[in-house]
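Notes for the one structure printed next.
The values are calculated or read from the model by the stated rules, or taken from the named source; none is laboratory data. Since this is a predicted model, take the numbers as computed values, not measurements. Cβ atoms come from the backbone with ideal geometry, glycine included; neighbour counts cover every protein chain shown. Keep in mind that these areas ignore ligands, DNA and RNA; they rest on the heavy atoms of the full protein, side chains included. Shrake-Rupley method; radii C 1.70, N 1.55, O 1.52, S 1.80 Å.
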Amino acid sequence: MADDVRENGRRPDPRVAGLTPEFVDEVRDALDLDQPERVRALVTPLGYADLADLLEPLDRRERAALIQAIHDTFDPTVLTELDDSVRLDVVEQFSTADLAAAIAKLESDDALYLIETLDDERRIAVMQAMPAAFRAILEQGLSYPESSAGRLMQRDVVAVPGFWTVGETIDFLRRSHGLPDDFYDLFVVDPAHRPAGTVPTSRVLRNPRETRIRDIMDDRGLSVPATMDQEQVADIFRRNDLVTIPVVDDAQRLIGAITVDDIVDVIDEEAEEDMLGLARTGERDIFASPLRTARRRQSWLLVTLVNTILASLVISRFEGAIAEIVALAILMPIVAAMGGNAGMQVVTVMVRALAARDLTGGGTWRVIGKEIVVGVMNGVVFATVMGTIATLWFGDWGLGAVLASAMMFNMVWAGLAGTVIPLTLNRFGVDPAVAAGPFLTTTTDVLGFFVFLGLASVFLL
């Protein structure tokens, strides 16, 4: 940044250069010196996503001062981009009336997203302060299942009959005042208001005025019910390269539309959820308080504690063998660690495949068979390596053979369990990204120790 300032004589546009530490420090200095005019001058060029990025690293006092400085020009879309814990802090800076007025300026899908993140008491108060018509739209949206197409859709759409001409459609768009601020496609509907096709706005503008809309529409017949899960909707967008898709009610009537910008957020959200689930942290908590973060993580640490207790109980059953052959204590962590790591590789691949719906038809059994074969192949390699090392290390080929056999078993089991456990959890409606890891590591640890120490007790004592 310093080089850019020296070369150009001015600060780079933060919308292009990004929020550099120097820019954030400059805003902080203005806040510390109580210079609201300077703060407004610094943050006015920022887009709503950049302003959200600026708010997140600030402390509560700085956030409050920043919101106060830009209160009159605050873009409520910023709230949709904030981390959950930061958003709760920011909305506290607004009165109920001001928050209701800000949310009412948003598109219905963004407004609904914000409303459902508020606690019950604040949600009721804010909705009561809204215009009745907008409140009715939000109440209808809240009636749909969480994470469904009905929660995600925009209610304001552009629908035209197929018998209209391009000229009639353009005239309608020009004289209508209730259209959404931004739209990509026009939805062609039949007399019962059921979607019959879509027409990109660019195609309308490129065709002669006398052309019938039905002659230039895409009639693939794609639509989604309001109750469909957002992950399924995202998959439809991905497979069909869509920009928008109509949402229909039980009678197949058009009630809204989902756009690709919302689907990008869904994909990002689901990917983050899977990644954090595999790490067993539950949700992103980088901006949460230490107490809240600790509470979120305790449940998964408790699962880990139970896992280690089970493994310790298995080990305790072989105290005599370990006492007689000290090398067992040295080598047994290798068996469990290799199985656990190999299994987590498989779990990660399976969670991604389930999220992308790649396992169709006979693909499931093919993947299970493949992972077992991979487990056998890797088992042979690493069993040979560690068996040889153990033999040379302790001068006991029997110990090397026992270690190699246990590693072979655990690597194959890791391949099988790494596929079957996520599939089983998914079948019972449990998120495999969150729950598969603890189940897998428990089995690889317990079985790894049991097989290694059991074989040693049988063949070496």
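For the chain, a simple Cβ point-charge model (Lys and Arg +1, Asp and Glu -1, everything else neutral) yields a dipole of about 1340 debye relative to the Cα centre. From its DSSP helices (H runs of at least four residues, each -39,500 (n - 2.57)), the chain gives a residue-normalised ellipticity at 222 nm of -21000 deg cm²/dmol.
Apolar share of the accessible surface for the chain: 56 percent from carbon plus sulfur atoms, 1.4 Å probe. Ellipsoid fit via the Cα gyration tensor, the chain: semi-axes of 54, 32, 21 Å, each the root of five times an eigenvalue, largest first. Dipole orientation for the chain: of the candidates T201, A41, A234, A234 has the Cα lying most toward the positive pole (charges on Cβ; Lys, Arg +1; Asp, Glu -1). Annotation: amide H-H contacts under 5 Å for G162 (H modelled 1.01 Å from N, sequence separation of 5 or more, or interchain): V189. Rounded to the nearest Hz, the phi-derived 3J(HN,Hα) couplings of segment 35-48 under the Karplus curve 6.51 cos²θ - 1.76 cosθ + 1.60 (θ = phi - 60°) are 10, x, 5, 5, 4, 4, 5, 6, 8, 4, x, 6, x, 5, where x marks glycine and proline.
Working ranking of peptides 20-28, 396-404, 168-176, 338-346 by packing, defined as the average number of other Cβ atoms within 10 Å per residue, highest first, is 338-346, 396-404, 20-28, 168-176. As a rough guide to protection, the peptides 70-77, 385-392 ranked by mean Cβ packing within 10 Å, highest first, stand as 385-392, 70-77. Couplings 3J(HN,Hα) of segment 67-83, computed from phi: 4, 5, 5, 10, 3, 6, 10, 5, 8, x, 4, 4, 4, 6, 9, 7, 4 Hz, in residue order, whole Hz [Karplus 6.51 cos²θ - 1.76 cosθ + 1.60, θ = phi - 60°; x for Gly and Pro]. Each residue of segment 405-419 in turn: what ³J(HN,Hα) in whole Hz from Karplus with 6.51, -1.76, 1.60 and θ = phi - 60°, glycine and Pro shown as x? With the stated coefficients, segment 405-419 comes to 5, 5, 5, 4, 4, 5, 5, 5, 4, 4, x, 5, 5, x, 9 Hz. Close amide H contacts of I245 (hydrogens built in the peptide plane, cut-off under 5 Å, sequence separation of 5 or more or a different chain): I258.
Once backbone amide H atoms are built at 1.01 Å from N, G197 has V188 as its partners under 5 Å, excluding neighbours fewer than 5 places away on the same chain.
Beta carbons within 10 angstrom, averaged per residue: use that to sort the peptides 438-451, 237-250, highest first.
438-451, 237-250
Relative contact order of segment 122-273: 25 percent, from C-alpha pairs under 8 Å at least 6 residues apart in sequence. Computed with a 1.4 Å probe over protein heavy atoms only, the accessible surface of the chain comes to 52 Å² per residue.
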